[in-house]
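**Student:** Let me give you the structure first, and then I'll get to my questions.
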Protein chains: 2
Amino acid sequence: MKNINISLLAKPNIRSLRAYHAEEVPCKVKLDANESPYSGARVKKILQTLNRYPDPEAKQLRKIIAEGSRVKPENILHGNGSDELIYYLITTFGGPVLYPVPTFSMYGIIAQALGEKKIEVPLDNKFDLDIEKILAAIKRYKPKLIFLSSPNNPTGNCFSSDRILKIVEFTYSLPPTPYSLVVIDEAYQPFSKTKSFVPLLGKYGNLLVLRTLSKIGLAGLRLGFLIAGESVISEVNKVRLPFNVNSLSQAVAVEALKDKKQMRRHISSIISERKRLLAEMRKIEGITPYPSDANFVLFKVNNAEKVYNGLLRKGVLIRNMTGAVKDCLRVTAGTPGENTVFLKALREVINSEN
Amino acid sequence: MKNINISLLAKPNIRSLRAYHAEEVPCKVKLDANESPYSGARVKKILQTLNRYPDPEAKQLRKIIAEGSRVKPENILHGNGSDELIYYLITTFGGPVLYPVPTFSMYGIIAQALGEKKIEVPLDNKFDLDIEKILAAIKRYKPKLIFLSSPNNPTGNCFSSDRILKIVEFTYSLPPTPYSLVVIDEAYQPFSKTKSFVPLLGKYGNLLVLRTLSKIGLAGLRLGFLIAGESVISEVNKVRLPFNVNSLSQAVAVEALKDKKQMRRHISSIISERKRLLAEMRKIEGITPYPSDANFVLFKVNNAEKVYNGLLRKGVLIRNMTGAVKDCLRVTAGTPGENTVFLKALREVINSEN
């Protein structure tokens, strides 16, 4: 077999890209991935017709999501996770792609995979949007897409709504085309008191919202939704693979979403556990937890690597965020029992440090 | 709300693209989509942990597929259907993308969605590869990717193995880089007597094979596999979304693939039913069925539109292929009972024509 260098065949933007590594570490208590600790009780019905292709338009599912968001099914596009919708948005509209940093890593990874220019604007020292810098970057680079994750991952806070609106209004008022589409990624919105931007979709034609089922108990299904004007949905739908969401995920999600009470109960429990985590972590000397509107808490420690490994030795897996935010770790709010195990382990690890 | 033209924001290659329309027509007997009429009996186990993200590397599933294909798991990449792997291949290596026509429509649709040049080379009058024209097009356009669906959809035949090999060897012998990767799409290979190209992967570093579970009873799961050299897999894996195959599809496929006997039984039944369809259709005056190595039969009629609609009025849905092959319809081999209903309806429709 001839020795050929496949990497040289890949497009230049792919050559310098590294495969995303989703960490997998054996543990007793898994609090690293911002999943919900609960899955629904009504999830029971299985499809009997797996030999058939799934509904390409996911009609039942889009109807339920549309009702929940008080929009029409025509305003909803279903994705194999919101990851896939980010892929499709960048495929459809191209770059430059602008986003603040630190934020959800997939905006940058997917922009690079698709060969589009990335514009990264650092957050201010309160993890809020640096509005001056962002507006300047918009003027300079004319991004086609702006991604704002609010609440933001990994910092946990919501960006100021008035700053988000300033960006939406600024890009909306620019000369007809090209100007930017602003995508608010509301993956963590259910855990926040800040209002969703969905009701503003009718007002701003360049405003788009992403939602997901991954944080509210159904990460295994891979289901995300783009909510936007019909003309946006219609363009992005052109690049969607016809059968992008499988039959099982569609059926199970439709069943699970019927039990809104249970979902609300789980979300409430996660919010109160996040508050408890924050309160308890504030009492531990040597760590600085940041306020959170999401289902996780970011916190600063003196030696992130050591604390991360110390917790892991005790069977508790959290996420090491030092690559994105200096000296920081991120813990997902689990069940009350899991959080108690985490807090005890954290105290022990921090004490053994001193 | 300002009236904005979102379509002008989309990339030029998207503007002229139309969303793929997966037809949905109410019917009694559904024989239009080349699905299997059977789903597995062992498909029972459901995951209890849907709140967790799926295994990003689909380890169990890739192991089973690797064993079945006598390659290593490192030679397998899992996709949300082989559609998604075609997306990833074109994202990774770019265009031009060359394929014969008529063939599976997604090669062209995805190439256009990703803004890459398409080179379409007509098949010869026996629906085989026109080797002279293809080699000339390779020299002229230097395609990065060549897609060969064999057995071919919608014509049903395998391309001559020696012509495929000529293309593989020709592109393999070209100066180091860039030269073409040849992707053999073996979606329908289980129904054919022609041998898989997988055993040749070790010999030709530019040879890639696509397989799918969609034709052998599990279309609803959306599972496709790229089988190729480790260096190809490693490049394409960079643009794969980390959680592209959901937990349920992974779990159900692992269970279903354990029952190889049942799968083989179903495939045998489909092959003998395809033979019966062909034999019976040959007896009907006014139609010309083409030989098939797949799970469907393409046939020519005098008035395709009328026959299609006549069958539909009798509750039998097949696929109208007139857009791709003049005057042709395509019927998927169903259960013996379904095929009998189809044959009876077809005779009646053709007789009422005369």
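**Student:** With the condition kept exactly as written, say whether any residue in region A:126-142 is surrounded by fewer than 17 Cβ atoms within 10 Å (Cβ to Cβ), free of Cβ contacts under 8 Å to residues at least 60 places away in the same chain, within 13 Å of another protein chain (Cβ to nearest Cβ) and not aliphatic (A, V, I, L, M).
**Tutor:** Scanning region A:126-142, I find at least one residue that is surrounded by fewer than 17 Cβ atoms within 10 Å (Cβ to Cβ), free of Cβ contacts under 8 Å to residues at least 60 places away in the same chain, within 13 Å of another protein chain (Cβ to nearest Cβ) and not aliphatic (A, V, I, L, M), so the answer is yes.
**Student:** Follow-up. Name the residue, out of A:Ser173, A:Ser180, that is closer than 10 Å to A:Ile146 by Cα and polar (S, T, N, Q).
**Tutor:** A:Ser180
**Student:** A further question on this structure: When you go through (1) under 16 Å from the mean Cα position of the chain (by Cα); (2) among the polar types (S, T, N, Q); (3) within 14 Å of chain B (Cβ to nearest Cβ) one by one for A:Asn206, which number turns out not to apply?
**Tutor:** It fails just one condition, (1).
**Student:** Output the number of residues of region A:146-199 satisfying the condition of being surrounded by fewer than 16 Cβ atoms within 10 Å (Cβ to Cβ) and touching a residue at least 40 places away in the same chain (Cβ under 8 Å).
**Tutor:** Adding up the residues that qualify gives 2.
So that you can scan it fast, the table gives a plain yes or no per residue for (1) at pLDDT below 95; (2) among the small types (Gly, Ala, Ser); (3) closer than 21 Å to B:Thr155 by Cβ:
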residue	(1), (2), (3)
B:Leu213	yes, no, no
B:Leu248	yes, no, no
B:Ala251	yes, yes, no
B:Arg265	yes, no, no
B:Leu277	no, no, yes
B:Asn309	yes, no, no
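**Student:** Name the strands (runs of 3 or more DSSP E) wholly within region A:200-297 that hold at least 3 residues that are touching a residue at least 40 places away in the same chain (Cβ under 8 Å) and touching a Gly at 6+ places or on another chain (Cβ under 8 Å)?
**Tutor:** Result: A:207-212, A:224-227.
**Student:** Take the residues in region B:302-331 that are among the β-branched types (Val, Ile, Thr) and touching a helix residue (DSSP H, G or I) at 6+ places or on another chain (Cβ under 9 Å), then tell me which one is surrounded by the fewest Cβ atoms within 10 Å (Cβ to Cβ).
**Tutor:** Out of the qualifying residues, it is B:Thr322.
**Student:** When region A:90-115 is examined, which residues are found to be more than 10 Å from every other protein chain (Cβ to nearest Cβ), in contact with a Ser or Thr (Cβ under 9 Å, 6 or more places away or on another chain) and in contact (Cβ under 8 Å) with a residue 60 or more places away in the chain?
**Tutor:** Within region A:90-115, A:Leu98, A:Pro102, A:Phe104 qualify.
**Student:** Give the residues of region B:209-230 that are closer than 12 Å to B:Ser69 by Cα and more than 10 Å from every other protein chain (Cβ to nearest Cβ), sorted by residue number.
**Tutor:** Within region B:209-230, B:Val209, B:Leu210, B:Arg211, B:Phe225, B:Leu226, B:Ile227 meet the criteria.
**Student:** Would you tally the residues in region A:152-209 being among the hydroxyl-bearing types (Ser, Thr, Tyr), in contact with a Cys (Cβ under 8 Å, 6 or more places away or on another chain) and at pLDDT 95 or above?
**Tutor:** Residues flagged as among the hydroxyl-bearing types (Ser, Thr, Tyr), in contact with a Cys (Cβ under 8 Å, 6 or more places away or on another chain) and at pLDDT 95 or above within region A:152-209 amount to 1.
**Student:** Failed condition for B:Phe225, given (1) in contact with a Lys or Arg (Cβ under 6 Å, 6 or more places away or on another chain); (2) within 23 Å of B:Gly334 (Cβ to Cβ), with all others met?
**Tutor:** With respect to (1) in contact with a Lys or Arg (Cβ under 6 Å, 6 or more places away or on another chain); (2) within 23 Å of B:Gly334 (Cβ to Cβ), B:Phe225 is out only on (2).
**Student:** Can you tell me which condition B:Leu298 does not meet? The list is (1) crowded, with 21+ Cβ neighbours inside 10 Å; (2) at pLDDT below 95, and all the others hold.
**Tutor:** (2)
**Student:** Okay, moving on. Just to verify a result, which residue in region B:245-263, among those that are of a type in the set (A, V, I, L, M) and more than 20 Å from the chain's Cα centre (by Cα), is nearest to A:Leu223 (Cα to Cα)?
**Tutor:** B:Leu248
**Student:** Only one of A:Leu200, A:Leu148 is among the aliphatic types (A, V, I, L, M) and farther than 27 Å from A:Cys328 by Cβ. Can you tell me which? Give the derivation first.
**Tutor:** Working: A:Leu148 fails: farther than 27 Å from A:Cys328 by Cβ.
Within the list A:Leu200, A:Leu148, the selection yields A:Leu200.
**Student:** Follow-up. Does region B:190-239 hold any residues that are in contact with a strand residue (DSSP E or B) (Cβ under 7 Å, 6 or more places away or on another chain) and among the basic types (Lys, Arg), and which are they?
**Tutor:** Selection gives B:Arg211 alone.
Listed here are the residues, each with its yes/no results for (1) small (Gly, Ala, Ser); (2) within 25 Å of A:Phe127 (Cβ to Cβ); (3) more than 22 Å from the chain's Cα centre (by Cα); (4) not in a loop (DSSP other than H, G, I, E, B).
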residue	(1), (2), (3), (4)
A:Thr322	no, yes, no, no
A:Val331	no, yes, no, yes
A:Thr340	no, no, yes, yes
A:Leu343	no, yes, yes, yes
A:Leu346	no, yes, yes, yes
A:Ile350	no, yes, yes, yes
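The values are calculated or read from the model by the stated rules, or taken from the named source; none is laboratory data. Bear in mind that the values here come from a model prediction, so they are computed numbers and not experimental data. Cβ coordinates were reconstructed from backbone atoms using ideal geometry, including for glycine residues, and neighbour counts include every protein chain displayed.
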